[in-house]
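The values are calculated or read from the model by the stated rules, or taken from the named source; none is laboratory data. Everything numeric here is computed off the predicted structure, so don't read it as measured data. Neighbour counts run over all protein chains shown; Cβ positions are idealised from the backbone, glycine included. All accessible areas refer to the heavy atoms of the entire protein, side chains included, with ligands and DNA or RNA removed. Shrake-Rupley method; radii C 1.70, N 1.55, O 1.52, S 1.80 Å.
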Amino acid sequence: MPSTNGPIQDLEGSQYQPFSREYEERRNQYATSSYAIEQRMNPALIIFPKSKTDIIAVIKYARENKVGIAIRTGGHQYSGASSTKAPNIQLDLKMTFRGLDDFEVFEKGEETFVRTSVSWSIGDFNALMGKKKIFVPHGQCINVHLGGHVQTGGYGQLGRSFGLFSDHVVGLEIIDYEGNVKKVTKESDIELFSAILGGSPGNFGVITHMTLKAHRDKDYIGAQGFKGVYWYDPSTLERLLGIVAEMSDDENFPRNYDLTVTVLSSQNDLLDWVPEAQFKMQMEHPELYADDGTPFFPRVIIVFAQWVPFSKDDIPDMGWFEKIKSGCLFETTSHVKTKPMSVMTKQWIFTNIREFDHPYFKSTLLSDSKTLAKDGWPQWCTARIDSIIRPTANHCFLSAQFASYGGKYSQFIRNAGNGTSLSWRDSTVVATMDIFYEDDYKMRAEDWHTVTVQQAVGPKGKFSKQERRVLWGSFGEFDLEKVWYLYFENKEKWEALKRVRARVDPEGVFTPNAFSVPRAQGLIETIKGDEKRVKAKL
């Protein structure tokens, strides 16, 4: 039955307007806690479409009323760029495509493919893939949804061994600014295909489905993984970061190995990272539990380490695992275990929606360095972390993660030029250092964040001589035109994206905010009244 609760007529899905009973709940997303003052997540209308027909009706409404559309699935973008403010509207696809025909596995010769929708979360998608004994690399946050994930890379634990989630896309299904349903491949439109995969999410049309080339468990028999928990200690952290640096500095380090090191302040949700440790933790450390069974976990380090065979002659270096395992807690989690890859990818997932329930300053940076160990990065990074994590009752909470991506055999690096527009494919380490804070302690958190970024990047930077960022982890300046060089490696790529944007969205329907790829002005100057409309929207 068509909806009557909003201005768009004959819509089956739900519509929510400001001051309605459910609007506040529906507009909330990951960044809401931290960007309330900026007022960038206050759309004039929030729509949960039921079908492609609904989406086409929303696009028609936006064109007629000269407003922009912000598209989200999970709403995890750090700066709130998947939302918008009035008079623009929010199109939320998290529940739109979750039917039986929105996940399909098929074979072509000896290859396996999966057609999936943007509406599945990583947790949902991983479970569906596991039932079929297949996998692709993806991120670790359970509630991130595939719509934003595919358009921003899909960074995760398997970066060195298999590359990114987006590297596995062979086809996209989109609805364009005129309401046309299209299939986009490298063969049909390489420029649009590339722009969608790494340009700026939601700027080139409404993505509904994608087809991925999948990997099969049976092709990687003998894969091994290790998940370790350590009480936080600076010497332990420095040693583990030294291993990350060693892997990334070594051009010849084998592709088979992946390593991620995570550091968490106290009051963390440890069991959302390592649920298999619950029984052992309760047995050996009852002092961490209140009378009602509620845990209070101290500062910890968590390690995910993995080895994958790519030929029958590949043999794991168990010395690598043993070096990492030193000092690990619990026999339950300290064994290196042989598992199918579809099972392994599940155990790398963080099962909560967010790390700490506080506002934050986030920073995700990539390194261009191949001399991290020589330059003292492990020591510097440990000192920066220790300065905020060691003091008790400082009302700030750290969630930091470091993943090795470097080496000439890394699939992340080898996939450069594969048809996506993802930048910085020669990076060696991906580092996220997020600081959450309680009310009244924003300045302390911001000072730590600012100093850390200033010391990490630049000519004398300990982490990277060039500042490199990712679209899903944006921070600071929100006008993408002003800071494009932080997210895209050269002017040629940036200008190419602007030309594609002008071609596929000449009216600016998909311009919800300033964190967007603008349209190349030379291609749209003949559109009557368009400049005035865009200015009004932004």
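What the table shows:
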quantity	calculated
Conditions (1) under 25 Å from I435 (Cα atoms); (2) at pLDDT 90 or above; (3) not in a strand (DSSP E or B): number failed by L271	(2)
Check on I55, under 26 Å from the mean Cα position of the chain (by Cα), touching a residue at least 40 places away in the same chain (Cβ under 8 Å) and part of a strand (DSSP E or B)	no
Residue list for region 214-239, restricted to those being touching a Gly at 6+ places or on another chain (Cβ under 6 Å) and either at pLDDT below 95 or not in a helix (DSSP H, G or I) (or both)	Y230
Cβ-Cβ under 6 Å pairs, at least 6 apart or on other chains, region 209-238 side touching a residue at least 12 places away in the same chain (Cβ under 8 Å), far side open to solvent by 10 Å² or more (accessible area, probe 1.4 Å) and of a type in the set (D, E)	H209/E173; P234/D386
Every pair of residues 6+ apart whose Cβ atoms lie under 9 Å, when the first sits in region 248-268 and is over 22 Å from S464 (Cβ atoms) and charged (D, E, K, R) while the second is outside any loop (DSSP other than H, G, I, E, B) and open to solvent by 10 Å² or more (accessible area, probe 1.4 Å)	R255/Q411; R255/R414
Test: residue in region 56-68 that is touching a Ser or Thr at 6+ places or on another chain (Cβ under 6 Å), within 30 Å of M443 (Cβ to Cβ) and open to solvent by less than 40 Å² (accessible area, probe 1.4 Å)	no
Options S248, S166: the member that is modelled with pLDDT of 95 or more, open to solvent by less than 10 Å² (accessible area, probe 1.4 Å) and within 19 Å of the chain's Cα centre (by Cα)	S166
Tally of residues being part of a helix (DSSP H, G or I), open to solvent by 10 Å² or more (accessible area, probe 1.4 Å) and in contact (Cβ under 8 Å) with a residue 40 or more places away in the chain across region 466-486	2
The one condition in (1) free of Cβ contacts under 8 Å to residues at least 60 places away in the same chain; (2) in a loop (DSSP other than H, G, I, E, B); (3) not aliphatic (A, V, I, L, M) that P87 fails to fulfil	(1)
Pair list, Cβ < 8 Å and 6+ apart or interchain, from region 125-142 residues that are without any contact (Cβ under 8 Å) to a residue 24 or more places away in the chain and assigned to a helix (DSSP H, G or I) to residues that are open to solvent by 10 Å² or more (accessible area, probe 1.4 Å) and not aliphatic (A, V, I, L, M)	F125/F103; F125/H138
Of all residues making up region 90-105, the number that are part of a strand (DSSP E or B) and either free of Cβ contacts under 8 Å to residues at least 24 places away in the same chain or within 22 Å of P43 (Cα to Cα) (or both)	4
Hits in region 58-84 - residues which are assigned to a loop (DSSP other than H, G, I, E, B) and under 16 Å from H149 (Cα atoms)	T73, G74, G75, H76, Q77, Y78, S79, G80, A81, S82, S83
Scan of region 1-24 for residues that are under 20 Å from K94 (Cα atoms), open to solvent by less than 50 Å² (accessible area, probe 1.4 Å) and modelled with pLDDT under 90, ordered by number	S3, G6
Options K312, K339, K323; residue that is open to solvent by less than 60 Å² (accessible area, probe 1.4 Å) and of a type in the set (K, R)	K339
Residues located in region 350-379, provided they are at pLDDT 95 or above, in contact with a Leu (Cβ under 9 Å, 6 or more places away or on another chain) and buried (at least 17 other Cβ atoms within 10 Å of the Cβ)	L372, W377, P378
Flag for T382 being buried (at least 20 other Cβ atoms within 10 Å of the Cβ), touching a Pro at 6+ places or on another chain (Cβ under 7 Å) and either among the polar types (S, T, N, Q) or part of a loop (DSSP other than H, G, I, E, B) (or both)	yes
Of all residues in region 135-163 being open to solvent by less than 10 Å² (accessible area, probe 1.4 Å) and among the β-branched types (V, I, T), the one that is nearest to N252 (Cα to Cα)	V136
Enumeration of residues in region 410-450 that are open to solvent by 60 Å² or more (accessible area, probe 1.4 Å), part of a loop (DSSP other than H, G, I, E, B), touching a His at 6+ places or on another chain (Cβ under 9 Å) and in contact (Cβ under 8 Å) with a residue 12 or more places away in the chain	D440, Y441
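The rows are residues; the columns are (1) charged (D, E, K, R); (2) open to solvent by 10 Å² or more (accessible area, probe 1.4 Å); (3) within 20 Å of the chain's Cα centre (by Cα).
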position	(1), (2), (3)
K85	yes, yes, no
N88	no, no, no
K94	yes, yes, yes
D102	yes, yes, no
E110	yes, yes, no
W120	no, yes, yes
D124	yes, yes, yes
A127	no, yes, yes
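Here is a yes/no grid of residues against (1) outside any loop (DSSP other than H, G, I, E, B); (2) open to solvent by 40 Å² or more (accessible area, probe 1.4 Å):
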residue	(1), (2)
N252	no, yes
I302	yes, no
A305	yes, no
C328	no, no
